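One structure is given here, and the rest of the page talks about it.
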Amino acid sequence: MMRNRVIATLVLMLALFFIPPMTAFPTGIGNLADNGCLCHGVSDPSTKVEISGLPQAWEANTTYSLSIGVSSTDETLANGSRGGFRLLFSGGEVNYSHEFVQNLDAGLTHTETGSEGRQWQVNWTSPDDATTTVHFQLYGNAVNGDGTSNGDVWSSFQISLPGVNATSIEVASSGPSTAELGGLIIVVVAIAILFKMMYSNPESGDSLRGDHQPTNPEHAEPDSALNENLDSDNNTMNAPKIDEIN
């Protein structure tokens, strides 16, 4: 039993190791959020994130005014921060107000002042080559302002946007990232193993397998006596011989 408890403790510690720290980031988030706002749990469908102002296909070396927005119907606001985001893009250049938006670890995110709202404005200038495709990955977090990750809800948005001379347009999509799903699977498996070890009783294993031993070994009939009474031809128990009784 002690061995099971030790193993269960190690499994729980391992699961906690894979869970990102439960802290808030009102001053902006770097590459820690390149796969999602995992420190705030799994993505929530009640949160909507979007980039408005993108064309169906972009012209070369053209500036577009974009609005990054986060909205949610599932969290209760407190005093403090209201939202945050992390935007990654594969081509072009972006200009923005440094009061609300900043560049951190090769991606855009909110500033502390910018976290007081849920909408941010940037100007994106497209690449010179309109035959290429630019990939946008946005994570948005609607926070309740209590300074922790509890009660915060986030989601994601991604789109591959081609230039006017590219061959196809990829449809925007949203959903949990691979890293998020992997972390969730690790936690679920760890919890399942933990419960199995906590509620299993190795001392009762013999009775569960049917290997029940007599309560009083002195009254148990020896195996040799059983073998003598067993007829190997018809697999039946023979009655004791008279001389054996006497």
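The values are calculated or read from the model by the stated rules, or taken from the named source; none is laboratory data. All of these numbers come straight from a predicted model, not from anything done at the bench. We place every Cβ from the backbone using ideal geometry, glycine too, and count neighbours over all the protein chains shown.
Values for this structure:
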{"quantity": "Test result for residue 136, modelled with pLDDT of 95 or more, under 25 Å from the mean Cα position of the chain (by Cα) and buried (at least 19 other Cβ atoms within 10 Å of the Cβ)", "calculated": "yes"}
{"quantity": "Residue match in segment 8-22 (condition: of a type outside the set (S, T, N, Q) and at pLDDT 70 or above)", "calculated": "no"}
{"quantity": "Residue match in segment 84-91 (condition: among the small types (Gly, Ala, Ser), closer than 28 Å to residue 129 by Cα, buried (at least 16 other Cβ atoms within 10 Å of the Cβ) and modelled with pLDDT of 65 or more)", "calculated": "yes"}
{"quantity": "Residue list for segment 98-132, filter: crowded, with 20+ Cβ neighbours inside 10 Å, part of a strand (DSSP E or B) and of a type in the set (S, T, N, Q)", "calculated": "109"}
{"quantity": "Boolean, residue 164 is among the aliphatic types (A, V, I, L, M) and surrounded by 15 or more Cβ atoms within 10 Å (Cβ to Cβ)", "calculated": "no"}
{"quantity": "In segment 94-125, the residues that are of a type in the set (D, E, K, R) and closer than 17 Å to residue 52 by Cα", "calculated": "118"}
{"quantity": "The one condition in (1) part of a strand (DSSP E or B); (2) modelled with pLDDT of 95 or more; (3) surrounded by 15 or more Cβ atoms within 10 Å (Cβ to Cβ) that residue 54 fails to fulfil", "calculated": "(1)"}
{"quantity": "Any chance residue 109 is β-branched (Val, Ile, Thr), touching a residue at least 12 places away in the same chain (Cβ under 8 Å) and within 25 Å of residue 57 (Cβ to Cβ)", "calculated": "no"}
